[in-house]
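Written out below as structure tokens is the structure these notes cover.
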Amino acid sequence: MSVTRSKLANIALTGTLVLGAALSTVSLTAPAQAVGTSAVNGPITRSEIIARAQNWVDQAVPYSQSLWHSDSNGSYRQDCSGFVSMAWHLGSSRVTSTLDDVSTRLNSLDDLQPGDMIDNITTHVVLFTGWTDGSHTTANIMEEPRSGLTARKTTYSRSYLVNNGFLPYRYDKTVDNTPLPPKPAPVGWGAQVIVNGGGDVFHSTRNSQGSWTGFGNVEAAAGNIGGVQAIADAGINGDTHILAVGGNGAIYHTIRHNTGSWDNFTDIGPQTNQLGSVTKLSAVSIGGDLHVVAVANGRLFHTARLANGTWLQFGDITPASGTVTSAAAASVNGQLQVVSVAGGVVQHTIRAVSGSWQPWASAYDAAGNVGTAQDVAIAGTGGDAQIVVVTTSGEQYHGARYANGTWQNFNPLAPVIGSFTANRVSAANVDGELQVVFITNDDRIMHTIRDGSGSWDGAAPIQLTGVVGNHWDVSIGGTYN
């Protein structure tokens, strides 16, 4: 297999890279010690690279740009590039823009083998461990992700890597060992759908091959909270986090683990402060954090359940004009993007990783006015925010805010997914695809998919086996196992 050499010089670094570069000049607190048979800066087998990386995952080493972790692997900075430097058994903690000084760029992502790295030299680097399938659409990786999280295993879709400037590299002293480490178990993506029916909440999974499980009563598994109203769900790795407003008006939270077991519903009010008259919930994961927006008494609030299980207090993020009647949240390039319906107009804002919020702006001014909005959904795919609007007349429209900040105009969906009248909508990124569910005025739940090329499947009704009563809320999230 041929490779091409890529060396980048004279790069002006800003932000975290400046900090990382400064830190890389600090002397290591302890001499690097060999684990396995490799020496510092010497040849190293793929299996040893993976074993060294797995050791940090097992220890749950927390991310930091200012701290070093010292153990039998040596002493390395606890950020993304320090993690790769440790796995490769380098003599110092390099930064994302200097790791290519000791590695060779590969021709294609398809050339990656376990122990290679996938690097965007200005933002982030991860260690490749294998593909989830023969079509190479999703990569298994290990990484130090960001502040507040620990070394972990996760997956990146190929489309995300391509769209965000990640390139494949191989450490120059990698040795192919026999046999190579076993391939990770295939990742099975699932769309997790919950439906409010007759005061209860029901859950089903759409498996990666397209089949659906029957709907099960969530309260039968997680505890009766009485007269369920607004609902929301989001996936974090293989777990599904579900929020529901109970009959007493409190917001409850539960987790369906990838084993199929459930936690009991817990009232989040004591940790977040109690909201009254909650009429709409939306949730999304960013890393290991669960972000939640809630419409209460015509105002909009935000909270988050951090990866350590603690909750932030609800903060008021209401747009300046109009009573809020709907809202939805999405993860787009690691940022929280929120849309709301205020005075019948779709508004949009962004919460930066630092926690600061941009001013609200009208999505209608940017992408076209499609009439008075009744409900809205948003999901991030490939760096873009995909937005679906349902109007008070029941029509559905799709538009997008691209990664560069420009907008695609709202266009009617009926010509591409079929004609029906809807009153509710929810959307999620499931393995790089946009999946959308609607509640129709004749009480059906319709499901459709927009793939990475932008083409839509015709909407089809979900078989609501096990669901009782009428439906007035629906939510969709994505998980993988």
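The figures follow:
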read-out: In region 226-245, the residues that are in contact with a Phe, Trp or Tyr (Cβ under 9 Å, 6 or more places away or on another chain) and either surrounded by fewer than 19 Cβ atoms within 10 Å (Cβ to Cβ) or not assigned by TED's automatic domain parsing to the domain that holds Gly198 (or both); value: Asn237, Gly238
read-out: Some residue of region 147-161 being at pLDDT below 90, surrounded by fewer than 22 Cβ atoms within 10 Å (Cβ to Cβ), farther than 25 Å from Arg94 by Cβ and not basic (Lys, Arg); value: no
read-out: Single condition Val195 does not satisfy, out of (1) buried (at least 19 other Cβ atoms within 10 Å of the Cβ); (2) touching a helix residue (DSSP H, G or I) at 6+ places or on another chain (Cβ under 7 Å); value: (2)
read-out: The listed residue being more than 31 Å from the chain's Cα centre (by Cα), at pLDDT below 50, in the same structural domain as Asp101 (by TED's automatic domain parsing) and assigned to a loop (DSSP other than H, G, I, E, B), out of Thr25, Thr37; value: Thr25
read-out: Which numbered condition Ser81 fails, given (1) free of Cβ contacts under 8 Å to residues at least 60 places away in the same chain; (2) part of a helix (DSSP H, G or I); value: (1)
read-out: Residue list for region 74-86, restricted to those being more than 20 Å from Ser103 (Cα to Cα) and more than 23 Å from the chain's Cα centre (by Cα); value: Gly74, Ser75
read-out: Selection count where residues are touching a helix residue (DSSP H, G or I) at 6+ places or on another chain (Cβ under 7 Å) and assigned to a loop (DSSP other than H, G, I, E, B), scope region 313-352; value: 2
read-out: Criterion: touching an Asp or Glu at 6+ places or on another chain (Cβ under 8 Å), of a type outside the set (Gly, Ala, Ser) and under 22 Å from Gly148 (Cα atoms) - qualifying residue of Val332, Val293; value: Val332
read-out: Members of region 95-121 that are over 23 Å from Asp176 (Cα atoms) and more than 27 Å from the chain's Cα centre (by Cα); value: Thr98
read-out: Lone unmet requirement of (1) within 23 Å of Gln335 (Cβ to Cβ); (2) of a type outside the set (Phe, Trp, Tyr); (3) free of Cβ contacts under 8 Å to residues at least 40 places away in the same chain for Ile449; value: (1)
read-out: Residue match in region 252-263 (condition: over 21 Å from the mean Cα position of the chain (by Cα) and assigned to a strand (DSSP E or B)); value: yes
read-out: Failed condition for Ser354, given (1) surrounded by 19 or more Cβ atoms within 10 Å (Cβ to Cβ); (2) of a type in the set (Gly, Ala, Ser); (3) farther than 21 Å from Arg450 by Cα; (4) under 19 Å from the mean Cα position of the chain (by Cα); value: (1)
read-out: Residue in region 229-249 that is hydroxyl-bearing (Ser, Thr, Tyr) and out of contact with any His (no Cβ under 9 Å at 6 or more places or on another chain) present; value: no
read-out: Lone qualifier among Ala361, Ala414, Ala366, Ala373 - being in contact (Cβ under 8 Å) with a residue 40 or more places away in the chain, surrounded by fewer than 18 Cβ atoms within 10 Å (Cβ to Cβ), over 23 Å from Arg305 (Cα atoms) and outside the structural domain of Thr155 (by TED's automatic domain parsing); value: Ala366
read-out: Any hit, region 387-410, residues being more than 25 Å from the chain's Cα centre (by Cα), in contact (Cβ under 8 Å) with a residue 60 or more places away in the chain and more than 17 Å from Gln337 (Cβ to Cβ); value: no
read-out: Failed item, numbered, when Lys280 is tested on (1) crowded, with 21+ Cβ neighbours inside 10 Å; (2) over 17 Å from Val474 (Cβ atoms); (3) among the basic types (Lys, Arg); value: (2)
read-out: Subset tally (residues that are buried (at least 19 other Cβ atoms within 10 Å of the Cβ) and not hydroxyl-bearing (Ser, Thr, Tyr)) for region 290-310; value: 12
read-out: Answer from Ala283, Ala304 - the residue that is within 30 Å of Ala151 (Cβ to Cβ), without any contact (Cβ under 8 Å) to a residue 40 or more places away in the chain and not in a loop (DSSP other than H, G, I, E, B); value: Ala304
read-out: Region 207-225, subset assigned to a strand (DSSP E or B) and touching a Ser or Thr at 6+ places or on another chain (Cβ under 8 Å), residue farthest from Thr132 (Cα to Cα); value: Gly216
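Rundown of residues vs (1) touching a His at 6+ places or on another chain (Cβ under 9 Å); (2) outside the structural domain of Asn163 (by TED's automatic domain parsing); (3) part of a loop (DSSP other than H, G, I, E, B), yes/no style:
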{"site": "Asp100", "(1), (2), (3)": "no, no, no"}
{"site": "Gln113", "(1), (2), (3)": "no, no, yes"}
{"site": "Asp119", "(1), (2), (3)": "no, no, no"}
{"site": "Val126", "(1), (2), (3)": "no, no, no"}
{"site": "Gly134", "(1), (2), (3)": "no, no, yes"}
{"site": "Asn140", "(1), (2), (3)": "no, no, no"}
{"site": "Pro145", "(1), (2), (3)": "yes, no, yes"}
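The values are calculated or read from the model by the stated rules, or taken from the named source; none is laboratory data. Treat the numbers as computed from the prediction; the structure is a model and nothing was measured. Note that each Cβ is placed from the backbone with ideal geometry, even for glycine, and that neighbours are counted across all protein chains shown.
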